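The values are calculated or read from the model by the stated rules, or taken from the named source; none is laboratory data. Every value quoted in this text rests on a predicted model; they were computed, and no experiment measured them. Glycine also receives a Cβ, built like all others from the backbone with ideal geometry; neighbour counts cover every protein chain displayed.
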Amino acid sequence: MTEHGDVVVIGAASTAFGEFFHLGFGDLARAATAEALADAGLGLDAVDAAWLGTAFAYTYSDEGNAGTSLAEPLGLRGRPVTRVAAYCASGIDATRQAVAALRGRTCDVALVVGAEKMRDVGPRGSLVMQHVDRGHPLLSKGRTAPGIFGIVAERYRSVYGEVRPAMTAVARKNHAYGARNPRAHFRSEVSENQVESAPRLAGEIGLLDACPTTDGAAALVLVRAEDARGKRSATVSGIAMSNDLGYFTANTSPRFDMLGFESTRNAATAAYRQAGIDDPAGQLDVVELHDCFTITEIVNYEDLGLCDRGEGRDMVLSGATGDGGTIPVNTSGGLKACGHPIGATGVRMIVDICDQVWDRAGPRQVPGASRGLAHALGGPGSLACVAVISDPARPDDGTSR
């Protein structure tokens, strides 16, 4: 039970993720919205307010820089549409704000759309290049996401021991799931040799340790539980955001030990408290977490309390997070294989958890799944969002599937 009254998802949908040069931002947003509304059994006229999660509108185009970028293509003029930007956590944070509005009774039917169009810009205009060019010409050299997470991998190895086999296992697991996901950007498995012989980007981070930049959109329709009687639904049992250090200080502060992210730990603690979870590994059935790089998935196991610190590498190598494991992780393929259209990713994660709870994940279905978690890390590491999604019929007795 949530602290402020139950809010539920009644419609959830995602476009395929990939390269869509023939589609615009509005096309993707419309497609995801239409499918989510059909899933909910509602028309667009039922929507009172909408939230748009998109992170880097000015990097790729001027689309997504305000709520009008959603209001215009959907025909929502005259209704409030709020653009939410929280780096890679934009989608879950947009959902958090919609949940707050429903709890506060400022709307009755909320639409959340996450969308990003990233493949239309060449390498010289890309997100990585803009971050390198934006800062000091010397200090910004190498200050890219691969560079930062390369340091995390090296730090992890130096403290806990060899981590390369575990990183390879994450890549292989997530590509195996992605191969079964018709919405995934990459739908092929990878071998151990392919992962470990791939060109290196930074330290231990190789090409197949990194997620792709992607085009895509996802959408949710949410209402209060009292208004969902007779409809299939999934309860937002807990949802929280935590800010930590700033974007340009997160990776240089002595508070950052390069072994995990305090923002994730804080957001998870808050979401677990709302959802009545005190044993995440025992009370969650399935998890979608932020795997922008393979090492990120490993440290996120630890920050989310799925295992103790230093045990993430053993967790993936044991098979616990794969098919038939005790807590399958990233059954969508994760960012690694499903792709990472930044503003859409968090919404897509919740869509995938709903699919699991509603027993419609097809060949990726976790048998008996009735409670799952979605986690997005942004900044990198300066903020995080966590959402717990449950079957309303699930007994609140602390048991797992």
For region 208-236, which residues satisfy the criterion of being touching an Asp or Glu at 6+ places or on another chain (Cβ under 8 Å) and under 18 Å from Gln274 (Cβ atoms)? Arg224, Ala225, Ala234, Thr235, Val236
Answer with yes or no whether Asp359 is in contact (Cβ under 8 Å) with a residue 60 or more places away in the chain, acidic (Asp, Glu) and either crowded, with 20+ Cβ neighbours inside 10 Å or over 18 Å from Glu302 (Cβ atoms) (or both). no
Looking at Leu289 and the list (1) of a type in the set (A, V, I, L, M); (2) surrounded by fewer than 22 Cβ atoms within 10 Å (Cβ to Cβ); (3) closer than 19 Å to Ala369 by Cβ, which single condition is not satisfied? (2)
For Gly282, which of the numbered conditions (1) surrounded by fewer than 23 Cβ atoms within 10 Å (Cβ to Cβ); (2) under 14 Å from the mean Cα position of the chain (by Cα) fails to hold? (2)
Residue by residue through region 195-231, note down the ones that are surrounded by fewer than 20 Cβ atoms within 10 Å (Cβ to Cβ), in contact (Cβ under 8 Å) with a residue 60 or more places away in the chain, touching a strand residue (DSSP E or B) at 6+ places or on another chain (Cβ under 7 Å) and not in a strand (DSSP E or B). Pro212, Ala225, Lys231
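A quick yes/no check of all residues on (1) of a type outside the set (D, E, K, R); (2) over 18 Å from Leu377 (Cα atoms):
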site: Asn181; (1), (2): yes, yes
site: Glu189; (1), (2): no, yes
site: Thr213; (1), (2): yes, no
site: Gly216; (1), (2): yes, yes
site: Ala219; (1), (2): yes, yes
site: Val223; (1), (2): yes, yes
site: Ser242; (1), (2): yes, no
Quick check on my filter: what residues within region 352-401 are small (Gly, Ala, Ser), farther than 18 Å from Ala94 by Cα and at pLDDT 95 or above? Ala361, Gly362, Gly368, Ala369, Ser370, Gly372, Ser390
Would you check which residues across region 182-194 are surrounded by fewer than 24 Cβ atoms within 10 Å (Cβ to Cβ) and under 19 Å from the mean Cα position of the chain (by Cα) and list them? Pro182, Arg183, Phe186, Arg187
Flag for Val152 being out of contact with any strand residue (DSSP E or B) (no Cβ under 7 Å at 6 or more places or on another chain) and at pLDDT 95 or above: no
Of residues in region 253-295 being among the hydrophobic types (A, V, I, L, M, F, W, C) and in a loop (DSSP other than H, G, I, E, B), the one modelled with the lowest pLDDT: Phe256
Residues located in region 298-333, provided they are touching a strand residue (DSSP E or B) at 6+ places or on another chain (Cβ under 7 Å) and either within 15 Å of Lys173 (Cα to Cα) or outside any loop (DSSP other than H, G, I, E, B) (or both): Asn300, Thr321, Ile327, Pro328, Val329, Asn330, Thr331, Ser332
With the requirement that a residue be in contact with a strand residue (DSSP E or B) (Cβ under 6 Å, 6 or more places away or on another chain), closer than 21 Å to Ala275 by Cα and not in a helix (DSSP H, G or I), what does region 334-378 give you? Val366, Ala369, Arg371, Gly372, Leu373, Ala374, His375, Ala376, Leu377
Among the residues of region 324-333, which ones are touching a residue at least 40 places away in the same chain (Cβ under 8 Å) and over 19 Å from the mean Cα position of the chain (by Cα)? Thr326
Kindly establish whether Arg255 is of a type in the set (Lys, Arg) and either without any contact (Cβ under 8 Å) to a residue 12 or more places away in the chain or touching a Leu at 6+ places or on another chain (Cβ under 7 Å) (or both). yes
For region 176-194, which residues satisfy the criterion of being out of contact with any strand residue (DSSP E or B) (no Cβ under 9 Å at 6 or more places or on another chain), closer than 28 Å to Asp120 by Cβ and basic (Lys, Arg)? Arg187
For region 32-47, which residues satisfy the criterion of being touching a strand residue (DSSP E or B) at 6+ places or on another chain (Cβ under 7 Å) and of a type in the set (Gly, Ala, Ser)? Ala32, Ala36, Ala40, Ala46
